[in-house]
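Data first, discussion second: the structure below is written as structure tokens.
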Amino acid sequence: MMPRDPDQYVDRLVSGEPFPSDSAGGVDDPARAGDLLLVHGMLGRFAEGESERSARSLTRALERIADDQRPIRFAWRRLVPLGIAALVMVGVFGLWWNVSSQQRALADLRDGHVRHGMRRYAVEILRAADAAPRVTGSIDVDGAGRMVARIALPPGGPQPELLFGRTADGWWIAEANGSIGHSPDKSVVVAWIRAVAGDAPIPSVDETLARLATDYTVNWTIDEQDPTSVIFNGTRRSADRTEAELVQIRYARSTSRIREILWEWRPPVGSIAQVRQVRATLEERMRPGEEAFLPASLSPADPEAPAASR
Amino acid sequence: MANHIPTWEYVKARVLSSGSPLDLRRRSGDAMATAARSVAVRQASAGRVILALGAADGADDASCGVSSRGDDSRQPASTGSRRLETRVDRLHLYEILIRQQSDKLRAFIRSIAFDRDLIEDVFQETVLVAWRQIDTFDRTKPIGPWLRGIARNCLLAQARKRNRAIIDDEAVIGRIDRQMAAGEGAEGDDFGEKSEALRNCMERLGTEQREAIDLCYIREMPATLAADVARITHDAMRKRLQRARADLLDCLRRSNVLESPA
């Protein structure tokens, strides 16, 4: 119970004794009580620690105001999501542009291969170090899916040359007896090569170009030696180990021709042949004739036809 | 003593005419001014400008805010020229204004709250809320009642929050507010004069009352400790304090520093 006398009422309040919050209404002289409380409040100004407390409190309040404002920082905070979005957009655009440019470059590569038509690549096959010396040959292409490969075989074998190709109807291979084996797919070639060289690779420019975008991770750079050429470097990402681990294509933009293709297997492929690398280099001045791609000309009745096409 | 009305317009005019708010700061020359200035300088060095967006931007708390603007009150200066003011300028002005009012504001808070932590927190909260709501202040009127209204609302909110008792007798609080308001808007530093008068009255107290005031108010001893120092009982010390406050009140009334009851 709070005293009704204002002096005692104030004494009770300021002494620190607990008092009920609804007990103040009973004071007899609110004016005197108010005045005495005001005297109490004014006396606090002379307290020894008041100056420091006041300064500290005001400083804290002003610091809170400063924290409350910070318009520039706030503005930047608001800009951060926009900045992130812009960076993402730039990144996405850059990625799209990069992918897009890469796809355009690959498309140019394939288009150039098709447009350029018939031509011959000199082939050099490198084998594992402890295997037989390198093998040479040629691959004729026409850019339309047809090809003829001629690979010189080591002396002493069943035949001096491996001769196989592809037409619009399928694959063919010149058997040792001079006959032509045909099949709609590559199996007839694979079987013969497996028997002779043990799963040796059958590199094909057309197939490589067709699978480059899907089976390989491709980067392309300008050839430092020849700025008119572009070098495509493909690293295989498919699980098909018969495909070369690495493919490098040097493409002349000025002539739309593939100047060189390099296939590389790691480890070497073929239990007998042990092929480590196949390099096909464009023979600039050699242009095979149409008849070179016709397996019919390789019939036993005309076994010299491919040679005549050279 | 310089005569002035501590309103926003006055302070602004004073700062602009003096070229620096430091002149006003030096007059009070206390640690608080230094602390306040250090914050302002940090603000300025941080390049935080653009006053026009200033205080009202953050006026979202309003748990203990009040508005002094009536229907006929003029709008706060939201003109183009005011928008050219800097935030630093505005904070400087506000610091000066608050510093001028802080002793009086703290005395008001001490008059109706008796917990030291509560007093400090309410003071800080009042300064912060007043800054946020400065655009709602009618600058044609004295700022003291407006600040005390904010402080009172803050006190109520904090007391409820902390379950602390404060005076909620409207008649008592109204009396304190009226006594403080007397002289506001008139000439002179009214609270400084009142404080000076109180100091004079303290010197006229009897020895025992003077000692009680010195121990309990100046040295801030609890009454029990002060009683031990004075080698009297606790109740005797409280009686001396009670007597001293009554004597001081009579002295202030006789000096017309505080209005006597009608």
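The values are calculated or read from the model by the stated rules, or taken from the named source; none is laboratory data. All of these numbers come straight from a predicted model, not from anything done at the bench. Counting neighbours? That spans all protein chains shown, and the Cβs are built from the backbone with ideal geometry, glycine included.
The criterion of at least 2 residues that are over 25 Å from A:Thr281 (Cα atoms) is met, among strands (runs of 3 or more DSSP E) falling completely within region A:168-248, by A:180-183. Suppose we keep only residues that are facing another protein chain (nearest Cβ under 9 Å) and polar (S, T, N, Q) within region B:116-138. Which one would you say is surrounded by the most Cβ atoms within 10 Å (Cβ to Cβ)? Per the criteria, the residue is B:Thr126. The residues of region A:228-244 that are touching a strand residue (DSSP E or B) at 6+ places or on another chain (Cβ under 7 Å) and not hydroxyl-bearing (Ser, Thr, Tyr), listed by number, are A:Val230, A:Ile231, A:Phe232, A:Asn233, A:Gly234, A:Arg236, A:Arg237, A:Glu243, A:Ala244.
Just one of the listed residues (A:Ala144, A:Ala122) is surrounded by fewer than 16 Cβ atoms within 10 Å (Cβ to Cβ), outside any loop (DSSP other than H, G, I, E, B) and under 33 Å from the mean Cα position of the chain (by Cα), and it is A:Ala122. For beta carbons closer than 7 Å, sequence separation of 6+ or different chains, a first residue in region A:153-164 that is more than 17 Å from A:Glu124 (Cα to Cα) and a second that is of a type outside the set (Val, Ile, Thr), the qualifying pairs are A:Pro158/A:Ala176; A:Gln159/A:Leu153; A:Gln159/A:Ala176.
To keep it simple, each residue is scored yes or no on (1) at the interface with chain B (Cβ under 7 Å from one of its Cβ atoms); (2) out of contact with any Ser or Thr (no Cβ under 7 Å at 6 or more places or on another chain); (3) buried (at least 17 other Cβ atoms within 10 Å of the Cβ); (4) modelled with pLDDT of 90 or more.
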residue: A:Ala31; (1), (2), (3), (4): yes, yes, yes, yes
residue: A:Gly34; (1), (2), (3), (4): yes, yes, yes, yes
residue: A:Leu37; (1), (2), (3), (4): yes, no, yes, yes
residue: A:Leu62; (1), (2), (3), (4): yes, yes, yes, no
residue: A:Val80; (1), (2), (3), (4): no, yes, no, no
residue: A:Gly94; (1), (2), (3), (4): no, yes, no, no
residue: A:Ser101; (1), (2), (3), (4): no, yes, no, no
